[in-house]
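Peer 1: Please read through the structure below; I'll follow up with questions.
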Amino acid sequence: MKNILVIGSTGQIGSELTRELRKRYGNDHVVAGYIKGAEPTGELLEAGPAEEADVTKAEMIATVVKKYHIDAIYNLAALLSVVAENKPNLAWKIGIDGLWNILEVAREHHCQVFTPSSIGSFGESTPHWMTPQDTIQRPKTIYGVSKVTTELLSDWFNQKYGTDTRSVRFPGLISYVALPGGGTTDYAVDIFYSAVRGEKFVCPIPEGTLMDMMYMPDALHAAISLMEADPARLVHHNGFNVTAMSFAPETIYAEIKKHKPNFEMVYEVDPLKKAIAESWPDKLDDSCARQEWDWKPQYDLSSMTVDMLDKLSKKLNG
Ligand code: AKB
């Protein structure tokens with residue numbers, strides 16, 4: 001059985017990915033890595049091992065990898081796009097210096113590594129409609145610059161040392177479990193909280209702005225199935241385009257309104273989020289992921305909306 005370390009296990013993706021991996025590989029085989037101030041609690045802490053695993057401390061990562069004979073690392077340590085733009089030094093320190101530490105440890109201990117990239121790795125000059133797998137990547141945000149670097153550095157370790165690095169470009173991720181915190185696509189999560197609480201939603205993204213999105217169960221499936229994919233079939237290794245749906249604020253609002261007829265939305269556009277959102281693709285072409293490792297999402301906008309409203313109502317209203 002594989003031994004896995006999840007770095008950032010208490011974050012938006014990490015908290016659900018750790019649970020999913022424990023279901024598949026067994027509780028004792030999946031270590032919940034965390035940083036001081038974001039310690040795991042409850043089931044995440046009690047069900048399996050947990051260790052401090054700060055990407056900025058290479059020795060600490062190496063110690064955990066040796067102690068648990070780790071075969072695969074899911075490196076989810078990163079700041080999201082809006083926060084990164086306001087804390088560029090920290091974004092680089094965690095996203096790139098941290099990645100270097102992980103890749104060095106992985107090279108020495110022969111671990112597989114998954115480090116997500118994002119639709120943020122694209123920029124204004126990228127073709128926005130059916131954005132190809134291999135295309136122009138000239139983002140103007142520090143988040144985007146760090147995501148392009150993540151892809152390139154991961155590919156470089158793969159070519160130079162044979163380190164088995166793999167990654168997808170995640171779109172906006174929607175979940176009822178943990179809040180994202182600091183991204184451009186967060187509105188697509190926040191809108192559900194307003195709808196379930198019966199509050200008016202104030203949308204920071206302009207009408208007509210399309211972005212790719214995905215429900216969290218599909219995101220977990222993407223990460224795990226790429227890590228389990230047959231290496232002989234992989235032409236690409238890092239930065240696979242993956243998407244499940246593409247919508248603008250008025251479209252998700254209309255979808256929620258089918259179930260909550262009194263729900264209201266107004267626009268109060270945030271200039272930074274607007275600039276970032278408009279520089280990102282409208283819709284990705286994810287055919288390489290479909291061909292190379294059989295990627296296929298389960299949820300579209302309508303099935304996700306039904307599930308989100310149901311699960312979030314139970315969570316918030318008991
Ligand atoms: C963000 O909005 O920053 C992230 C992303 C798409 O990478 N959700």
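Peer 1: Full extension from E207 to R233: what is 0.36 nm times the residue separation minus their Cα-Cα distance, to one decimal in nm? Working shown, then result.
Peer 2: On the way: separation 26, 0.36 × 26 = 9.36 nm, distance 4.04 nm.
So the extension gain works out to 5.3 nm.
Peer 1: Here is a follow-up. Percentage of Cα-Cα pair distances in segment 4-170 greater than 24 Å, rounded to whole percent? Show your work: numbers first, answer last.
Peer 2: On the way: 4772 of 13861 pairs.
Roughly 34 percent, once rounded to a whole number.
Peer 1: Would you mind calculating the relative contact order of segment 213-296 from Cα pairs under 8 angstrom and at least 6 residues apart, reporting the percent as a whole number? Walk me through the numbers before you get to the answer.
Peer 2: Numbers: 47 pairs, mean separation 41.4, N = 84.
Contact order relative to length: 49 percent.
Peer 1: Which shape class, rounded, prolate or oblate, goes with segment 164-318 when its Cα gyration tensor gives a ≥ b ≥ c as root eigenvalues, a/c under 1.5 marks rounded, and past that a/b bigger than b/c marks prolate?
Peer 2: Prolate.
Peer 1: By how many nm would the segment from A38 to E199 lengthen if fully extended, with 0.36 nm per residue of separation less the alpha-carbon distance?
Peer 2: 55.0 nm
Peer 1: What size of dipole, in debye to the nearest 20, comes out for the chain about its Cα centre when the only charges are +1 on Lys and Arg C-beta atoms and -1 on Asp and Glu C-beta atoms?
Peer 2: 260
Peer 1: For the chain, what does the relative contact order come out to in percent, with C-alpha contacts under 8 Å and a separation of six or more?
Peer 2: On the way: 633 pairs, mean separation 56.6, N = 318.
Reported as a whole number, the value is 18 percent.
Peer 1: Turning to a different aspect of this structure: Provide the net charge surrounding A72, with neighbours chosen by a C-beta distance below 9 Å and charges set as Lys +1, Arg +1, Asp -1, Glu -1.
Peer 2: -1
Peer 1: So, with +1 on the Cβ of K and R and -1 on the Cβ of D and E, and no other charges, what is the size of the charge dipole of segment 112-257 about its Cα centre, to the nearest 20 debye?
Peer 2: Computed about the Cα centre, the dipole is about 220 debye.
Peer 1: Pop out the Kirkwood hydrodynamic radius of segment 1-53 from its pairwise C-alpha distances, inverse of mean 1/r, in Å to one decimal.
Peer 2: 10.4
Peer 1: For segment 210-287, how big is the tail of P(r) above 21 Å, as a whole percent of Cα pairs?
Peer 2: When all Cα pairs of segment 210-287 are counted, 48 percent exceed 21 Å.
Peer 1: Now, a different point. Just to confirm my numbers, what's the Cα centroid distance between segment 240-281 and segment 26-89 in Å?
Peer 2: Cα centroid to Cα centroid, the span is 31 Å.
Peer 1: Quick check: net charge around L45, other residues with Cβ under 13 Å of its Cβ, Lys/Arg +1 and Asp/Glu -1?
Peer 2: My count for the surroundings of L45 gives -3.
Peer 1: Then there is this: Ranked by Cβ crowding within 10 angstrom, fewest neighbours first, how are S117, S287 ordered?
Peer 2: S287, S117
Peer 1: Something else: For the chain, state what percent of all Cα-Cα pairs lands in each successive 20 Å bin, counting from 0 Å until the bin that includes the largest distance.
Peer 2: 34, 59, 7
Peer 1: Can you spot the lysines whose alpha carbon is less than 27 Å from K274's alpha carbon? Ignore those fewer than 8 places along the same chain.
Peer 2: Within the straight-line cut-off, K274 pairs with K87, K93, K140, K147, K200, K257, K258, K260, K283.
Peer 1: For an R0 of 30 angstrom, estimate the FRET efficiency from the Cβ-Cβ distance between T63 and K311 and round to the nearest 0.05.
Peer 2: Numbers: r = 38 Å, r/R0 = 1.25.
After rounding to 0.05, the efficiency reads 0.20.
Peer 1: Once the piece of chain linking R290 and W129 is laid out straight, how much longer is it, given 0.36 nm per residue of separation minus the C-alpha distance between them?
Peer 2: Numbers: separation 161, 0.36 × 161 = 57.96 nm, distance 1.79 nm.
Extending this stretch completely gives an extra 56.2 nm.
Peer 1: Moving on to the next point. So, with +1 on the Cβ of K and R and -1 on the Cβ of D and E, and no other charges, what is the size of the charge dipole of segment 4-170 about its Cα centre, to the nearest 20 debye?
Peer 2: Numbers: 17 positive and 20 negative charges, 52 e Å.
The calculated dipole for segment 4-170 is roughly 260 debye.
Peer 1: Count charges around S287 for me, please; just the other residues with Cβ under 13 Å from its Cβ, Lys/Arg as +1, Asp/Glu as -1.
Peer 2: -2
The numbers here are math on the coordinates, done by the rules we state, and not lab data. Just so you know, these numbers come straight off a predicted model, no measurement behind them. Heads up, the Cβs are rebuilt from the backbone with ideal geometry, glycines too, and the neighbour counts pull from every protein chain shown.
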